[in-house]
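Asker: Quick one: the structure is below, and I'll ask about it shortly.
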Amino acid sequence: MNARSVVRKRGSAPERLAGTDLLNHCNNAALRKAARRLGRLYDAALQPSGLRATQYILLAQIYDLGCPTMADLADSLIMDLSATRHSLEPLVRDRLVRLRVDEKDRRARRVTLTPAGIAKFKEAMQLWRKAQDRFERAFGSARASKLRSELSALSSEPFKEIF
């Protein structure tokens, strides 16, 4: 019997296959589950700033890159362009980020932090540092460093090519 041949009666739970615990062995599921947990913890830590963790990451990446094009920002975060645009909307609305036409390529948009965006980023950075410290105390500094290294490898182009 395989997963495709499991037949279930209407309204009943699917029959459990012997020897399977599929999601406990799925790398993707484990990473997504951990990401959701960490996202919630970082959201709670950043809540006093009014930012969600995803918004803080965008502000931090824009700050680090200077004045990236929207495409460069998306690429640096391994996001598609439409998701990046959607994620930026509340930051633009709240005047933390400004989009402007690139002077060299009028089809491209440059993303910059406004003075209010820089101030909000610096405010949130203090909360983020506290969350980082809490994470490292709970998980261990060496393990946290190793985790970041492994996750960096997973998000690299060489891994993408091998996979």
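The values are calculated or read from the model by the stated rules, or taken from the named source; none is laboratory data. Just so you know, these numbers come straight off a predicted model, no measurement behind them. Note: ideal-geometry Cβ built from the backbone for every residue, glycine included; neighbour counts use all protein chains shown. Note: areas computed on protein heavy atoms with side chains; ligands, DNA, RNA excluded. Shrake-Rupley method; radii C 1.70, N 1.55, O 1.52, S 1.80 Å.
Asker: Can you list the HN-Hα couplings for segment 72-88, worked out from phi with the Karplus curve (6.51, -1.76, 1.60; θ = phi - 60°), rounded to whole Hz and with x for Gly and Pro?
Answerer: My calculation for segment 72-88 gives 5, 4, 4, 4, 5, 9, 6, 10, 7, 4, 5, 5, 5, 4, 4, 5, 6 Hz in order.
Asker: Something else now. Step through the table entries Lys33/Lys130; Lys104/Lys130; Lys122/Lys146, compare each Cα-Cα distance with 31 Å, and write down the pairs that go over it.
Answerer: Lys104/Lys130
Asker: If you look at just the Cα atoms of segment 51-154, how large are its Rg and its Dmax in Å?
Answerer: Just the Cα atoms of segment 51-154 yield Rg and Dmax of 15.3, 48 Å.
Asker: Could you tell me which of Leu73, Ser152, Ser87 has its Cα farthest along the dipole of the chain towards the positive end, charges placed at Cβ (Lys, Arg +1; Asp, Glu -1), taken about the Cα centre?
Answerer: Ser87
Asker: I would also like to ask the following. Which of the aspartates and glutamates could a cross-linker span from Lys160 if the Cα-Cα distance has to be under 20 Å and same-chain partners fewer than 8 positions apart are dropped?
Answerer: Asp72, Asp75, Asp80, Glu150
Asker: Taking 0.36 nm per residue of sequence separation and subtracting the Cα-Cα distance, how much length would be gained by fully extending the chain between Leu81 and Glu150, in nm to one decimal?
Answerer: 22.3 nm
Asker: Collect residues whose amide H, placed 1.01 Å from N in the peptide plane, falls under 5 Å from the amide H of Leu96; neighbours closer than 5 in sequence don't count.
Answerer: Hits under the 5 Å cutoff: none.
Asker: Now, a different point. Between Asp133 and Phe163, with labels modelled 7 Å along Cα→Cβ, what's the label distance in nm to one decimal, could you check?
Answerer: Inter-label distance under the simple model: 3.5 nm.
Asker: For segment 51-154, what does the accessible surface come to per residue with a 1.4 Å probe? Please give it in Å².
Answerer: Per-residue accessible area for segment 51-154 comes out at 65 Å².
Asker: Can you list the HN-Hα couplings for segment 114-124, worked out from phi with the Karplus curve (6.51, -1.76, 1.60; θ = phi - 60°), rounded to whole Hz and with x for Gly and Pro?
Answerer: Working through the residues one at a time gives 7, x, 5, x, 5, 5, 5, 4, 5, 4, 5 Hz.
Asker: While we're looking at this one, here's another question. Leaving ligands, DNA and RNA out of it, report the carbon-plus-sulfur percent of the accessible area of the chain at a 1.4 Å probe.
Answerer: That fraction is 54 percent.
Asker: So, with +1 on the Cβ of K and R and -1 on the Cβ of D and E, and no other charges, what is the size of the charge dipole of the chain about its Cα centre, to the nearest 20 debye?
Answerer: 660 debye
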